[in-house]
Amino acid sequence: MGKRNRAVLVSEEDWSAIQETRYLLSVPGMRESIREGMDTPVDDCDEELNW
């Protein structure tokens, strides 16, 4: 018999979230931008974005 391997079962929704997180963290500077945003008080945030 072959080796016994461990397995993990996750929902499709959780797997999609994992993939999205990995993608976002692969974008240069994104990790730092997210951390900076998390450290910014809500009162210091803009209410409207100029996209």
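Which condition breaks for residue 34 when tested against (1) touching a Leu at 6+ places or on another chain (Cβ under 9 Å); (2) in a loop (DSSP other than H, G, I, E, B)?
Checking residue 34 against (1) touching a Leu at 6+ places or on another chain (Cβ under 9 Å); (2) in a loop (DSSP other than H, G, I, E, B), the one that fails is (2).
Within region 1-26, track down each residue that is surrounded by 10 or more Cβ atoms within 10 Å (Cβ to Cβ) and in a loop (DSSP other than H, G, I, E, B).
Taking region 1-26 and keeping what is surrounded by 10 or more Cβ atoms within 10 Å (Cβ to Cβ), we get 10, 14-21, 23-25.
Hit for region 1-26 is 10, nothing else.
Checking the structure you have, find out if any residue of region 3-16 is free of Cβ contacts under 8 Å to residues at least 60 places away in the same chain and either aromatic (Phe, Trp, Tyr) or in contact with a strand residue (DSSP E or B) (Cβ under 6 Å, 6 or more places away or on another chain) (or both).
yes
Restricting to region 5-18, name every residue that is more than 8 Å from the chain's Cα centre (by Cα) and of a type outside the set (D, E, K, R). Quick ask: steps written out before the conclusion?
Filtering region 5-18 for residues more than 8 Å from the chain's Cα centre (by Cα) gives 5-16.
Of everything in region 5-18, those that are more than 8 Å from the chain's Cα centre (by Cα) and of a type outside the set (D, E, K, R) turn out to be 5, 7, 8, 9, 10, 11, 15, 16.
A short reminder: the numbers here are calculations on the coordinates, not readings from a lab. Everything numeric in this text was worked out from a predicted model, so none of it was measured. All Cβ positions, even for glycine, are placed from backbone atoms using ideal geometry, and neighbour counts span all protein chains on display.
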